[in-house]
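So the structure is just underneath, and the comments pick up after that.
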Amino acid sequence: MAIPIVMISSDESKIEFINHHLKRFTEYYIEGSFSNFFDAFGQNQISLLHTLVICDNEAISLVRHNSLFETITNLPVIIISNTLDQKELKRLNNYIDVLSVPLKETELERALEKFKKIKSFVERTILPERNGTELQDGHAIKKRILLKRTKEYLPVLLTDIVFFYVQNKITFAVDKYAKKIFVPKNIGELEENLCKKYFFRANRQQIINIEFISSFKQIDKVRIMITMKIDTDPIIIAQTKVHEFRNWIESV
């Protein structure tokens, strides 16, 4: 399977160079190109497990003091820079290689080969052991979700989310501190990407996390009312979902 590459650079000539030379490598393709990391994550173009990022050092500098930086340090990254020193590189846990400017085809080939070897090693040794039950339908289960507060994107652990809900066609997450955060996805897309072991679509408006269910009881003979572990209104399981909910909660 071809590996997606996301380019992060405001310099079109660098993007054109990478794109042109990647045509010789059938195992890679450009998934997208962006001027900054905020746009790339906002459009869900980056997967922590499956995407190689090639970016300017300037793009990393823009997020160095942002919460997004911690997520980027866990990405396989090839950096374009003439000024990076060893102290800077140590802050980027998973950097693969550094390309000098002007870009050279031989350096790009070297960096891609290094990534290929590292990826092969991780897939053979680390991922099988780490994933164990962390798979759903053959795909790795995401541990974080990218949320948005004002102009900032926040990578938030899914284990900290109590429930998701829709209000006026906008999706929000409520975390364990009862804080409401905007979710840049509709609830249908969200449901497809969440781990079904922990998250359940209670009704058309809400998805709940089993780890934060305090108690539940039957009401009206046909519905179920759930009390969550934070101070929030009870959540009602739709009549059409009651049987599915009982099977779900008994299987965990």
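No value in this document is a laboratory result; all are computed from the given coordinates. Just so it is clear, the structure is predicted and the values come from calculations on it, not from any experiment. Counting neighbours? That spans all protein chains shown, and the Cβs are built from the backbone with ideal geometry, glycine included.
The table for this structure:
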{"item": "Per-residue ³J(HN,Hα) for segment 206-212, Karplus 6.51 cos²θ - 1.76 cosθ + 1.60, θ = phi - 60°, Hz, x for Gly and Pro", "result": "9, 10, 10, 9, 4, 5, 10"}
{"item": "FRET efficiency, residue 251 to residue 29 (Cβ-Cβ, R0 35 Å, nearest 0.05)", "result": "0.35"}
{"item": "Local electrostatic count, residue 11, Cβ distance below 11 Å [Lys/Arg +1, Asp/Glu -1]", "result": "-3"}
{"item": "Karplus 3J(HN,Hα) series, Hz, for segment 82-89 with 6.51 cos²θ - 1.76 cosθ + 1.60 (x for Gly, Pro)", "result": "10, 10, 5, 10, 4, 5, 5, 5"}
{"item": "Amide N proximity, segment 164-185 versus residue 233 label position 7 Å along Cα-to-Cβ, cut-off under 16 Å", "result": "164-174, 180"}
{"item": "Charge dipole magnitude, Cβ of K and R +1, D and E -1 - the chain, Cα centre, debye nearest 20", "result": "840"}
{"item": "Normalised alpha carbon radius of gyration of segment 78-123 [divisor 2.2 N^0.38 Å]", "result": "1.20"}
{"item": "Residues residue 90 and residue 169, FRET efficiency given R0 of 51 Å [Cβ-Cβ distance, rounded to 0.05]", "result": "0.70"}
{"item": "Relative contact order of the chain, defined on C-alpha pairs under 8 angstrom at six or more residues apart (%)", "result": "10"}
{"item": "Spatial separation of Cα centroids for segment 6-34 and segment 143-178, in angstrom", "result": "32"}
{"item": "Ranked list, fewest to most other Cβ atoms within 10 Å of each Cβ, for 16, 191", "result": "16, 191"}
{"item": "Taking segment 139-251 and dividing mean pair separation by its residue count, relative contact order in percent (alpha carbons under 8 Å, at least six apart)", "result": "18"}
{"item": "Per-residue ³J(HN,Hα) for segment 176-193, Karplus 6.51 cos²θ - 1.76 cosθ + 1.60, θ = phi - 60°, Hz, x for Gly and Pro", "result": "5, 9, 6, 8, 9, 10, 5, 10, x, 8, 7, 5, x, 4, 4, 4, 5, 9"}
